[in-house]
Every structure is written in structure tokens, then in C-alpha cells.
Amino acid sequence: MLSKFQATISSDSVVIDIVEPHPNFSEIVQSVLTQIVKQKNLDQLREYGGVEGLASSLKTNLKHGINGDVEDISRRNEAFGSNTYPRPLGKKLFDFVLEALREPTSLIILACAAVSLGLEIKQHGLKEGWYDGGSIFVTVFVVTAISAIVKFRQNRRFVKLSKVSNNIQVDVLRNGGEQKVSRSEIVVGDVVCLNNGDQVPADGLFIGGHSLLVDESSMIAETNPVEVDLSHNHNNLFLFSDTKVTSGNGRMLVTSVGMNTTRGEIITISIDSNEHTPLKYKLNKLTSLIGKVVLSVAFLVQVILLIRYFTGNRKDMNGNAEYNGSKTIAYDILNSVFDIIAAPVTILVDAIQEGLPVAVTLSLAHSMKRMMSDHAMVGKLSACETMGFATTICTDKTGTLTLNQMKVTTFWLGQDCIEEKGISSVATSVVELLHHGIGLNTTGSVNMFASGFEFEFSGSPTEKAILSWAVSELNLDMEGLKQSGEILPVEAFNSTKKQSGVLMRNKEQNTINLHIKGGAEMVLAMCSNYYDVSGTIKVLDDDERKIFDGIIQGMAASSLRCIAFAHKQVPEEENEEGKNQIEGNFLTLLGLVGLMDACRPGVKEAVQEFQYEGVNVKMVTGDNIFTARAIATECGILKPNQDMESGAVVLGEQFRNYTPEERMEKVNNISVMARASPRDKLLMVQCLKQKDHVVAVIGDGTNDAPALKEADIGLSMGQGTEVAKECSDIVILDDSFGSVATVLRWGKCVCTNVQKFIQLQLTLTVATLAINFVVSVSTGKVPLSAVELVWVNLIINTSGALALATEKPTKELMGKPPVGRTKQLITNVMWRNLLSQALYQTAVLLTLQFKGEAIFKVSANVNDTLILNVLALCQVFNVIFLWKLENKNVFEGIHKNHLFLVIIGVTIAVQVVVVEFLKKVAGTERLNWWQWGVCVGFASVSWPIGWVVKWIPVPQKPFLLHPCHPPISHTSFAS
């Protein structure tokens, strides 16, 4: 048995891998099969005996297929792999729970809970000592459960969408008969039957068929269909996974499946990287900063309390000093020290932003549901918030900005543009010739619906466009045409010659005509005459030819795809002598049509909205530079006066060949990149991220997959390839570019809501930290227990955050520039608002702490309840104040949001229940009507204070600067 050698060449070495064939397929190895198709290596294919030789090596009968029994399928899967791809989306609920528990915030909470539980149980026993530590453990459970469940449910929904591709049924030949199998069950050696509209399920070789045209735009972004046949002129036998049959039918021999296909290679490029979303990074930096401040305060309190104790300034309930030097026994000293340590632990609980993760998760989940109703399927929850930070959008052209539906927009007959004169001015004889040249020389078809008034067109986008135009403008009757003419030899579209042809016999006139259709430059070169509008044949001399060249170049400059029609009458004797080859010269030019791939509705408006919001839009396409420039100009991505000299338009090869320094210098100025390969797109995304942009990529083809995966946010169209969907974070279900603008609006709304949560949370943190510090230092005791802090943090603030999450995108929000990767999350306006509210709350609560019993003539327990109640109600009123972050009228539109009002009402009701009925758990005392009125009065003062503060101007430079640049992780690849 001979081993197969596979060489990998690097810059300084050659590595040779010895690949042993599988025992059941000793004559071939997978690496050879992969190489033949990917490199379109005809020479290597001939070495193995052509398609028939490979089929023999794979033990396949080209007429009857493989055996197809269980053992045969198993052997083939073992030798060549299965037709499946890695799907990292299918996580279990437990995976999300572990992911949430690994967060630094959760680990700190658990540590605090363990310390608090141990100290409290030691001091008060198990029956009374579990409250504080136990409440913190409950907090962790609630935070983790909510976050994990929301992410798990969305993950399952997205997995269901991605699994649809594996359930696509494919026709194969097995054991002599045709049968349907799931796409994922295709194996190497299978003979697959392909028909118009089918998606090629794997890489393979063409066996036979008729007029098979394949759209490879999902792989190479070239819109022209590729002919696949066995003729000597073409010899294009190669078929690639995820490409689409646009016309004809055929059979293929599968040579590679799964990760060994071209699709698998692109998925390999799209290596998944660790998620570092801008918001997640900034929140981590913020919580880290808060943690350091609170830790410093807790340490300071610890030192001060120990000094007070050992200097005899800490008193017991009888007013005596707890520490009397050597007179104090060691057991009492140990108990007192444990009691002192417990106070800072309570303060440390203040540093843990329990409500913030829950608030962010709830906001994302709410926005995700609203986005679903706006035709956006969110696969990764973090994509909602990351979209709000986007500063640059890189979009594909075909199928994304355009409909991938060609349309005839210009028709020239002779040197006259028929749009100006009207089709009625064209001679009947010329129209009849056009009918034959269009209706018979085509791989498309026209079918009439049952109504008798509407038509259905099939074929490639170009064929459908020309047929549609001919039916609507030239009154083409396909049924009558087929009856009046007999088709002789046919030559389907040739990608090398850029033309197709047909010989037809006119039964009425008993004449034979040759009709040619193809690229205008090539067809024009074959013509020696042309028709004018009146039907007169004129000589095509050099001067006339220059005029037609100018017309063709003018259409190309407008990014129209120019197709020419020509014909000549073939003498009967030539046909009888066998000279009727579908080629020739001395043709007569019938006309020129210009086709354009129309932009999707709403694209220009969406691009204008992105630009208004400060988001740059760049087109990165594999199409030619003329088409790319025209579409970009039409969409508003490119201004009419921008050109290649300004650096706004570049070719992928140019960008690739720049030095790293040149790329970084020029990438911001690029608006259009044409003829871009998948690696060029990936390279641009990496450069933009290194320039501190938050990048969103929009695409629908397999060739977009690496860039979609590398981007901060990947968006794919619902009709895009499965690879594109799997590599994206959001799928636009209605294929509308306008829906991308909707996603951006929701992303910005999420970011604004998160800023509101942060302001709400920081207000509480600053106020409670100040109160605990002042009271602990003054009295040696903490006024707010861990249970109370957890209650206000988790329940009151989280319900407030949920209420704020119901806010919809507003016009004021849309005009704001994106936060991006480097701007501060906490603005000066937020600092101004939260510090004013925190100072007020601190002043009120300290007054109640030190003078409340005397002022209101209440017991210590009732006074503690007043403190907790005022603190909780202040947060509720602060939520209403935060309804409009910058507007002075905070009540604007609030009556229209019924969900917001319901959540606020329920929160207040729950607070009433806690105060009045949960004395055992919360340690509260019941309050009378007057005391409730006092609490509401104190809390309501926050509104006028906030209104006055909003008149105070703030500088643009942030008050507090801290690093906010997240690490850039990207996919590395060979140049």
C-alpha cells in the first residue's frame, strides 16, 4: 500500500506529512481529493484517470451511485469525514450558569457571603446568623439564574434557526435508485442530482447534465453564473459547497464533505475568539474601580474601629469601655475583633453591583424581543449592546445593499437610446428578430400564472431580467415563439467567450438564423453591420465602431452590465454542409441592453441615518470597481466627487499589498473596496478594530464568513448562506438594510438604558457608602445591614432597571454620536446628576440616623425602618427622574409607557409589604400614615433637586478618566 505525501511549504522549511490511505479506499486520500477540486487541478485529475478513475477509487458506480447500506456509509464517514460542521452554539443551561459564576463579580460576592455567614453564625448562632450571608447567596443565585436562563433560551432559538440547513433534503443515487437524504448524510462518493434552484451540498466533480449554470457569488462575490460542463472548450468540472444552481441540471460526484470542503476552509479561517464587548469591558473597569474605592474605605473603617477599640473608645451597652488592657480576657477580645471585622464585610457588600448584571441582562432580553418583532433574530445577547457602540459598518454589496436581481434599465438600437423615442419607434422586423434572439437563446423560462396576467421567470438573474424586459416592453410571446421556430444546435453561456448562441429555423419563412448573445465588447467585435431604428442595415465601419465603443463604455461607467444581441442568416447549403457552428463573424448587431442590480428599498435612507448618527459605512465587495463605485454612489456611501485618487475607492489587491503602516493610515479614508477576497475583508476589519473602531459587518455569502466572525458584531441576511448565518450574531430576517438601522437604534437605546442603570446604581452606592462610613467611624456600628443593602440593590434597583429598559429609541437618542471603544461610559452629565442625588440622600439619611429618634419621637427600631424606607423610596423616585436622562421635563411621554408605570407601582407595593408584614425577615417595624407621608416627602424632594441641577452646565472633558480600551483579539492568518 502506497503512502500519499502532502507538503506544506513555509518561508524557511518544507514539512512533508505522510498520509496513509484508509484500508477500504487504498487508492486515494482525502487531501488529494480536496486539492484537485479547490485548485481546479485538471492535470492531477487526469493522473487519477479523470472523473471515472476517481469514481473507481471511491468505489462508486457513476450510473447507479454507491451501495448506500449502513456499513458502506459508516466506512465512508470513517475514511473521509461527515458532511457536518462545528456548531459551538449548542450550549447547555449548566454551561451558562458556570459562565456567569466565573465572573469576577460573582466570585467576590461568594467570598463576601462566606465570610459574612461564618462571622454572623459565630456571633448569633445558626438560627439568627444566616440572614446576611444567606441573603447574599440568594443574590448570587438570582443573578446567575436570570442571566443563564435568558441566554440559554435565546441560544436555543438561534440553534433551531441554524439547524434548518441540516434538514435540507438532497437527491442522490444509491443502489441504482434515486432517493432523498438529509444534506448532513451526504458522503464522499455519493452521486448527487442537481436541479435548478438547488444548493450544492458538498465539493465535487461534474459527471453530466444539460446547461448547468452555477452562481458562485456566495464564494467569490462574482455575480456572473459559471457554466459547468464536460466540453473540450470549457472542461470546468468543479463544483463547490454552498454555491447555487441557477439553470439547467446535472449530476455530481462528491469528493469532499464537511470541514474538507471550500466552505469548511472558510469556517476554519473564522476562528472564534474570546468575547470582549466594549460594554462588558467598560462595566468590568467600572466595577473594578468601585471595588477598589470601597475596599479602601472598608480597610480604613477597619483600622479606625480597631484603633477605637484598643484605645478604649468603643463602649458596650452600659457605656463602659469594651477594652481595658490586661483586664479584658482573650475571649472577649476575640469576640469584639470578630464584631469589628463584620462591619467592613457589610461595607464590602456595597461594592458588589448585584443589580447591574441583572439589569443589563433584562434590558438586553427585552430589547432582543422587541428586535425580533422588527425582523432581527439575535443569536448572541451581547450583540444588542455592542451594536449601540458601533462606529463603523462594513457591508457587502450583492444581496445586502442590492437585491441580487438584475433589471434592464437601458436599451440602445443602433445609435439611438430607445427610452427617449419609445419602443413603438422600432421597426417590427427588428422586434421580431429580438424576440428570437432573446426567447430562443436562453437557459431561462417564462411561465404564466393561472390568472393569465402575471408571469413567473426562472433562470440566472441576468436571464430573468432580460426575459422580464422582453415580455413587458417587447411583448414577447414565448409559447408562440417556440411554435414558429425550430431550435437546431445550442451553445450555452461560455464564461470564457462571454457569450451563448443558438441556430434556429424559421418555419414560416423557411430560413435559418444564427443568434448570439453575450458581452457587448466581444459580440461587437464579431459584427460588421448594425440595424437602425427603422430596420435598415448599415455598415459598421471604424468610425461607427468608435461610437458604439463609446456607448458601451458609457454604460460601463454607469455600472451597467452591457449585453449585446446579434444575428445573421445562414444559407441552407452551409447548414447542410455542417458549417453551422455556434460561432462566426459578419454578424449584424441587433441592439444593446444595460442591466443593473437594483439597490434594496430603503438602503439610501438607512445609509443616511447611519451617517447622521456618526457611524461610517464602508462597502467591501468582490464585484468589479465600476459596479462597486456606482452602487456606492447610488446608496450614498460614496459622494459623487470621490474617486480612487482621494483614496476613497481601492481594490482588495491594493489594500492587501499596502504595508501595515500604510493600511493603518489609509483605512479610515476608504469608503469602497472592490474585488475584495474573504481575507481582504478580514484584514480591513482587523485594521479598523486596531484603530479603535467598534466594527459591524453585514454580509450574506460564505465569502463574508471570516469578516463576520472577526467583527464586533456580525449581521447576516435571512436569505444568506448557512455559513454566513452561523458566523453572525444577528440575522436580518426580512433581508432589509433598513432593519440594520433599526438594530442600531435598539443598540443605542440599550446603551442609554445601561447608562441609566449605572447612574441609579452609583447613586445608591455613593450614598450607602458615605452613610456606612460616617456612622461606622462615629458609633462603631453599621446602620445598614447586608440584608437591607441586598434588598435595595437587587430588588428595588433591579425592578427600576427593568422599568427603564422599557424605553423605546427616541429621536433625541438617534442624533448622538456612538460611544465607541474609547469614550467614557459615565458622562459628565451622569456625574452631575448622580452626585447631586447621592449627596441629598446621604444628608437625609445621616440626619435620620443621628436625629431621627428625637425629631420624630420614635423608637430606634422604627427609626431604622424609616431609614430603610426612605432609602428604597429615593431609588424609586430616582428611577422616574432617570426616565429622561438629560431632558428637564422628566414626565414627557411617561403616561404612554404603561409597562413602566406598572413596574413602578408593583415595586412600591412590594416595599409596603416588606415594611408592614415581613418584620421577622427584614427586621422592620410597621409605620403609620404620617410616617409613610414623611418617607414619601423626603423621597419626592429628589425631583426638584434634579430639575435644578440639570440647569448646571458641565464641561466636555470627563471628570474621571480611567482606561477604557478593551483588548483587541483577532483571527490571525497567513498573508
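The values are calculated or read from the model by the stated rules, or taken from the named source; none is laboratory data. Please read these numbers as outputs of a predicted model, since none were measured by experiment. Note: ideal-geometry Cβ built from the backbone for every residue, glycine included; neighbour counts use all protein chains shown. Note: accessible area is taken over every heavy atom of the protein model, side chains too, but ligands, DNA and RNA are not part of it. Shrake-Rupley method; radii C 1.70, N 1.55, O 1.52, S 1.80 Å.
A search for C-beta distances below 7 Å between a residue of segment 54-82 that is assigned to a helix (DSSP H, G or I) and of a type in the set (D, E, K, R) and any residue that is open to solvent by less than 30 Å² (accessible area, probe 1.4 Å) and at pLDDT 90 or above, counting only pairs 6+ apart in sequence or on different chains, returns Asp72/Ile66; Arg76/Val187; Arg76/Val188; Arg76/Gly189.
Of all the residues in segment 710-734, those that are under 13 Å from the mean Cα position of the chain (by Cα) and part of a loop (DSSP other than H, G, I, E, B) number 8.
Is at least one residue of segment 833-842 aromatic (Phe, Trp, Tyr), modelled with pLDDT of 75 or more and open to solvent by less than 40 Å² (accessible area, probe 1.4 Å)? Steps first, answer last, please.
Going through segment 833-842, the residues aromatic (Phe, Trp, Tyr) turn out to be 840.
Then keep just the ones that are modelled with pLDDT of 75 or more; that gives 840.
Now drop any that are not open to solvent by less than 40 Å² (accessible area, probe 1.4 Å), which leaves 840.
So far as segment 833-842 goes, yes, one or more of its residues are aromatic (Phe, Trp, Tyr), modelled with pLDDT of 75 or more and open to solvent by less than 40 Å² (accessible area, probe 1.4 Å).
Quick grid of which residues meet (1) in a helix (DSSP H, G or I); (2) more than 26 Å from the chain's Cα centre (by Cα); (3) of a type in the set (Phe, Trp, Tyr):
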position	(1), (2), (3)
Lys618	no, no, no
Gly622	no, no, no
Thr633	yes, no, no
Pro640	no, yes, no
Glu661	yes, yes, no
Glu665	yes, yes, no
Lys681	yes, no, no
Met684	yes, no, no
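Of all the numbered requirements in (1) part of a strand (DSSP E or B); (2) at pLDDT 85 or above; (3) open to solvent by 30 Å² or more (accessible area, probe 1.4 Å); (4) not basic (Lys, Arg), Met596 misses one, and that requirement is (2).
So which strands (runs of 3 or more DSSP E) stay within segment 156-195 end to end and still have 3 or more residues that are modelled with pLDDT under 90? Walk me through it before giving the result.
Working: elements: 169-174, 177-182, 191-194.
Where strands (runs of 3 or more DSSP E) fall fully within segment 156-195 and carry at least 3 residues being modelled with pLDDT under 90, they are 169-174, 177-182.
A residue that is open to solvent by 40 Å² or more (accessible area, probe 1.4 Å), in a helix (DSSP H, G or I) and at pLDDT below 85 can be found somewhere in segment 920-933.
None of Asp680, Asp735, Asp712 is in contact (Cβ under 8 Å) with a residue 60 or more places away in the chain, closer than 30 Å to Ala557 by Cα, acidic (Asp, Glu) and open to solvent by 10 Å² or more (accessible area, probe 1.4 Å) except Asp735. When Lys756 is tested against (1) part of a helix (DSSP H, G or I); (2) open to solvent by 20 Å² or more (accessible area, probe 1.4 Å), just one condition goes unmet, and that condition is (2).
Looking at the structure I just gave you, is Met259 at pLDDT 80 or above and open to solvent by 10 Å² or more (accessible area, probe 1.4 Å)? Before you say what the answer is, go through the steps one by one.
Working: at pLDDT 80 or above: yes; open to solvent by 10 Å² or more (accessible area, probe 1.4 Å): yes.
Yes; evaluated as a whole, the condition is true for this residue.
For segment 647-665, a residue qualifies if it is surrounded by fewer than 16 Cβ atoms within 10 Å (Cβ to Cβ) and over 30 Å from Met406 (Cα atoms), and the qualifying residues are Asn657, Thr659, Pro660, Glu661, Glu662, Met664, Glu665. Take the conditions (1) closer than 18 Å to Thr395 by Cβ; (2) outside any helix (DSSP H, G or I); (3) among the charged types (D, E, K, R); Lys689 misses just one of them, which is (2). Among residues of segment 544-563 that are within 16 Å of Asn529 (Cα to Cα), those with a beta-carbon under 7 Å from a residue that is polar (S, T, N, Q) and not in a helix (DSSP H, G or I) at least six positions away or on a different chain give the pairs Ile547/Gln415. When segment 635-646 is examined, which residues are found to be modelled with pLDDT under 85 and either open to solvent by less than 10 Å² (accessible area, probe 1.4 Å) or in contact with a strand residue (DSSP E or B) (Cβ under 9 Å, 6 or more places away or on another chain) (or both)? Matches in segment 635-646: Gln642, Asp643, Met644. In the set Lys407, Lys397, only one residue is open to solvent by less than 40 Å² (accessible area, probe 1.4 Å) and among the basic types (Lys, Arg); that residue is Lys397. The set of residues in segment 518-535 being open to solvent by less than 70 Å² (accessible area, probe 1.4 Å) and not in a helix (DSSP H, G or I) consists of Gly518, Gly519, Met526, Cys527, Ser528, Asn529, Tyr530, Tyr531, Asp532, Val533, Gly535.
Of all residues in segment 602-614, those that are aliphatic (A, V, I, L, M) have Cβ atoms under 8 Å from Cβ atoms of residues that are buried (at least 16 other Cβ atoms within 10 Å of the Cβ) and part of a loop (DSSP other than H, G, I, E, B), 6 or more apart or on another chain, in Val603/Leu401; Val607/Gly636; Val607/Ile637.
Is it fair to say Gly437 is within 19 Å of Gly518 (Cβ to Cβ) and part of a helix (DSSP H, G or I)?
Yes, satisfied.
What do you reckon, is Thr621 at pLDDT below 90, out of contact with any helix residue (DSSP H, G or I) (no Cβ under 9 Å at 6 or more places or on another chain) and either open to solvent by 30 Å² or more (accessible area, probe 1.4 Å) or within 28 Å of Thr462 (Cβ to Cβ) (or both)?
Numbers: at pLDDT below 90: yes; out of contact with any helix residue (DSSP H, G or I) (no Cβ under 9 Å at 6 or more places or on another chain): no; either open to solvent by 30 Å² or more (accessible area, probe 1.4 Å) or within 28 Å of Thr462 (Cβ to Cβ) (or both): yes.
In short, no.
Of all residues in segment 617-640, those that are on the phi > 0 side of the Ramachandran plot have Cβ atoms under 6 Å from Cβ atoms of residues that are open to solvent by less than 20 Å² (accessible area, probe 1.4 Å), 6 or more apart or on another chain, in Gly636/Val607.
Quick check on Val743: is it of a type outside the set (Gly, Ala, Ser), more than 26 Å from Tyr840 (Cβ to Cβ) and in a helix (DSSP H, G or I)?
Working: of a type outside the set (Gly, Ala, Ser): yes; more than 26 Å from Tyr840 (Cβ to Cβ): yes; in a helix (DSSP H, G or I): yes.
So Val743 passes the test.
Has segment 479-498 got at least one residue that is modelled with pLDDT of 80 or more and buried (at least 20 other Cβ atoms within 10 Å of the Cβ)? The answer is no, given that none of the residues of segment 479-498 is modelled with pLDDT of 80 or more and buried (at least 20 other Cβ atoms within 10 Å of the Cβ).
Within the span defined as segment 370-388, one or more residues are open to solvent by 10 Å² or more (accessible area, probe 1.4 Å) and over 16 Å from the mean Cα position of the chain (by Cα).
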